[in-house]
Structure formats: C-alpha cells, structure tokens
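Read through the structure below, which is laid out as structure tokens, and then see the notes.
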Amino acid sequence: MRIVRTIVLAAALAAAGCSSSSKKADAGGPNLNCGGASQACLMGVVSTADTADSANPTGVADAALSLADGTFLGTANAQGWYFVKNVPAGAAVPVCFEAPGYARRCRNVAAAGGQNVQVSNTGLLQRTPLAGSLDPAVGGTIAVDAATTIFFPPGAACLAAGAAPAASPVACALTPIVAADDVQLGASPGSFVGQQTGGAVSQLVTGGMMEIVCQDGSSAKVNVCAGQTARVRFPVDGATCANTGLHPETMVSWGYDEVAGVWKQYGTFTKTCGADTSDSYYEGAVSHFSYWNADNPTLTTCATGKVLDASGAPVLGALVTCNGDRTAGDGYQGPSETYTNASGAFCVPVRVSSTFECIARKGAFVSDPLTGHSGASALACGAVGCTALGNFTLTDPLARIVLTWGATPRDLDSHLVGADYATGGTNVWYGDKGALLAPPFVNLDTDDTSGYGPEIVSFVRGATAQKYRYCVDRYSTDVMDISASGAVVDAFLGGAHVEVAVP
C-alpha cells in the first residue's frame, strides 16, 4: 500500500499520520483550491429522476457536467458521483447534466466562492427513443402518441449548426414532463422563473413541458429554420385536464434559455382534453428546439423557515423547494426554490392564497415536508407578513475527504481507520462502506473502479471524536507507482476547503 498523507479534519476529527508528503494550508487560512471568492467546487450524484430524493440513489454512469455556455467541468464516475473544481461563483450558476439516454437538465446552483457545494436533486429523466422518419423537404408529423407530437411544415427543418436544410430522414426524441407527476416535475430544468417579453421577471405556474431533440439522417442536430415555426403537443394529466385552476384553456409559451437560467416568453399554447393523458395536451408553435413550457405568471407572497441538522445547528446551502399542494382546492403546479444562508434561514416565493408544501434537501439528505397556506397580499422576501413554516431537520456532513486521480490506475481505494479500530471500531473501505444514519456515522459514498474517481468519505454528527487515519491503496496494477496516478486528496470542513494532499 502506498499512502497519500495525513489530513487534519478538526479537533474532534483528526487523521493520524500516514506520510509527510503534502501541500498544507497557508498559515493565514485554508488552502482554498476551490478558488477563493471567485470559484467553487461542486459535489454530488447524478441519479435517475425517480431516485433523486433517495438515501441510496441510482447513479447515472459517466454523466457529463458542463456550464450552460458549454464549458466542460467533468464527468461522474460509474456510480454517478462527481467532484468538480473551478466553477464560477454565483447565486444562480446554470450547470448542466447529461448522459446518453437521458434528457439534458440544467440547474441553477448557488455556488459559494471557496466552498465545496453539495448539489441536491440532479435526477435525470429518461429520454424517449428517437421516433419518426420524415423528409424535411416535404414535412410531416412525428408522434409518440396523440398528445406527444411535432409537426414540421415543408422546408422548416435545418441543421442546428447553420442554415443548411436537414438531410433525410429526420427523427425526434420528444420527452414530455407531465406537471401532475412529481418525479417528472422534479427533473425539469432551472427553476420556474420566467422573463416576460417586456423584461419583467415573475414566478410561473405550469401546465406541462417537453424536451425536443431532433437529428437528420447523418445524426446531425436539427433545429427549426430561421423565420419558421414547428407545432408541438405535449401531454396534460388526463385526470386533471378539465380543472381550469390547474390547466387553464390557454397558457403562455416559454422556451428555456440555458445560459441565462430562465424561461423566456414567446407565444401561446392551447389546451385540448381527451379521454386520458395519451390524448390530452397543450399545443402551439415553437421557433426553436429546447425545453418548451406552458406556464402563466402568478402573483407571489413569501414563505420563511430554517433548516437545521439533527443537533439543532444551522445548515448552510440546503436547497428548499416549495410547490402547490394539488390535493387542496387552492393548490397549483409551479415549484419555487432557494438556498439557505449561514444561519440556515431561507425565504422563498409561493403563490398567493394557496396551500403549498415545502421540502429541504442537501445531498442525499431530505427533510420531512411542511405545509403552509399563503396570505392574499403580494409580498417580497424581507417584507413583514411572510408565512412562517418553522424548522426543517436534516443531517449535514461535518467533513468530507475526496479522492480523485487520472485514467490510470483504474482502481485506487480509500481506507479510513479510527483509533478505536483495535477494539472493533471504525474501518471504512469498499468492503464495508459504513453508514451515515447509524454507527460509525462515516460513509464511503462510492467505490470507483474505472479511473478518475471521485471516492468520497463523509462524516456526520455522531461520528466518534477521535483520530482517523486516511490512506489510499493502489488496487489495480496498470500503474506501478501511485505517484504517476495524478491522485489528489481534498479535505473539507463543512463547505470550506481546508487542505490538499498529493502523493
């Protein structure tokens, strides 16, 4: 075994010396390799949409992360876990996640400068297979069913990279998000904030949406030709279609702008209700392909609360999401979200005169939901009279150790041993990954066996106050010396980056 080094975590959580090779924090403060005030690190798991809130999410292997402008950030490992650096700091940084077979999803992440941000709810929705085959010169309809279709007029399909007409045949993947389906709605891009034609920004309530991805016979991306439109349909829940409170007869059409991280107003979608979800839909014209959404602006008031850990300490950077309670007569469909500050406090917009439900997340930790009823007066955050929800409780990691490396060796292994190991205490490794909700309250999130990492060891409250020894083992033999692996070990206390170690 070749050992990377000692990492000091805290007075209560410290590692005993494994070696002396390191790059220590400066005497004046932590080594903010995440970029000081200008950059952040992001960590989390890209999962399937139906397991996004699970303590054991189903990871999406090799998902790619990028900024919305196309800047590549990194790739998740075979279990969906990722750790990326050099992310520009900002209150709402659009970060995009994508993988073959899944709809692309961009989220606005609160990336605090110099912090390691645990990104919540990056669940991806499985993309529908490519369907249809039409001659773009002739035009025609591509349909999954009566409620999920796209119609091209003759000559309206052009290559996304330029004005050249698309080659035959054209096929499209039409991936709808039914607003009544909480799993699907939770996988929608961005947040439900729209920029109206006149520039005003408002909270939105939704009737549904769809991702549109098309390609021609040479597998080149296809878009709508400049100056033309295509017509689309995307489904409405058949059981609630007739409810005009949830699904008005007409709704504003919005296209998602990934770079700006907002929905932008275009035209109008019109509703048709059939026998069930397969023939109930909104329909309208679109001028380009992206996510399209049937939404209406709404008046909002505010809801406040705090997110605390199990010991009552505030949790920084928890994601709080609120949505209308559709089981109530005054519910609605249109999630709003925000992040907690250093005091664990938050304020989030909710629709006026409505019953709503909120939930807090950080990483794999999720609170119980709390329900509230909003007042009738439109209020902004900071005003007197916001609906007080009280406290949400979840467990926030005290500390983390993150191992990343290069393409080879394919398999490095993290090992964490407590001073109590000799008496049957802590020993966390791929053979026993530990646990966060029970002793030892230390967990190895993932065992990466295909190069790069990350492998992440997390500590939560309940972990024994003792010295811990963290070591790295070269398991595979495709590189004989671990110093040639590019291995880096990053340590974090809360979100702060406190040390970097190299072999």
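So if we plug the beta-carbon distance of Ala161 and Asp182 into 1/(1 + (r/R0)^6) with R0 = 60 Å, what FRET efficiency do we get, rounded to 0.05?
Between Ala161 and Asp182 the formula returns 0.95.
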In the chain, with Lys and Arg counted as +1 and Asp and Glu as -1 at Cβ, which of these residues, Ala146, Tyr282, Asn296, has the Cα nearest the positive end of the dipole, that is, farthest along it? Asn296
At 1.4 Å probe radius, can you tell me the per residue accessible area of region 147-220 in Å²? 33 Å²
For Glu283, what accessible surface area do you get with a 1.4 Å probe? Give it in Å², rounded to 10. 50 Å²
For Gly217, which sequence-distant residues (separation of 5 or more, or a different chain) have an amide H within less than 5 Å of its own amide H, given hydrogens modelled in the peptide plane? Ala167, Ser168
Please compute the contact order of the chain in relative form: average sequence separation of alpha-carbon pairs under 8 Å and at least six residues apart, divided by the residue count, as a percent. 16 percent
Sites Ser311 and Ser54, calculated FRET efficiency, Cβ-Cβ separation with R0 35 Å, nearest 0.05: 0.90
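Give me the extension gain from Ala37 to Thr197: residue separation times 0.36 nm, minus the current Cα-Cα distance, reported in nm with one decimal.
54.2 nm
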Amide H of Ala40 versus every other amide H placed in the peptide plane: which residues, excluding those fewer than 5 positions away on the same chain, fall under 5 Å? Asn86, Val87, Ala89, Gly114
Sum of side-chain charges, Thr449 neighbourhood, beta-carbon under 11 Å (Lys, Arg +1; Asp, Glu -1): -4
Once phi is turned into ³J(HN,Hα) by the Karplus curve 6.51 cos²θ - 1.76 cosθ + 1.60 with θ = phi - 60°, what whole-Hz value does each residue of region 159-166 show in order, with x for glycine and proline? 5, 5, 7, x, 8, 5, x, 6
Thr268 paired with Thr244, simple spin-label distance in nm, labels 7 Å along Cα-to-beta-carbon: 1.4 nm
For the cross-link pairs Lys85/Lys362; Lys306/Lys362; Lys306/Lys467; Lys362/Lys433, which exceed 22 Å when the distance is taken from alpha carbon to alpha carbon? Lys306/Lys467
Mean separation of Cα contacts under 8 Å (6+ apart) over length of region 324-372, as relative contact order %: 31 percent
With a cut-off of 19 Å, note down the residues of region 420-452 whose backbone N falls inside the zone around a label point 7 Å from the Cα of Ala465 toward its beta carbon. 420-421, 426, 439-442
Residue-span extension gain [Ser218 to Ser476] - 0.36 nm each, minus C-alpha spacing: 88.9 nm
Restricting things to alpha carbons, tell me how big the chain is in terms of Rg and Dmax, in Å. 24.4, 77
Heavy-atom accessible area of region 175-324 with neighbours in place, 1.4 angstrom probe: carbon+sulfur share in percent works out to 51 percent
Can you work out the FRET efficiency for the pair Leu437 and Val138, with r the C-beta to C-beta distance and R0 = 56 Å, to the nearest 0.05? 0.40
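The values are calculated or read from the model by the stated rules, or taken from the named source; none is laboratory data. Keep in mind that this is a model prediction, so the values were computed, not measured. Neighbour counts run over all protein chains shown; Cβ positions are idealised from the backbone, glycine included. SASA here: full protein model, heavy atoms, side chains in, ligands and nucleic acids out. Shrake-Rupley method; radii C 1.70, N 1.55, O 1.52, S 1.80 Å.
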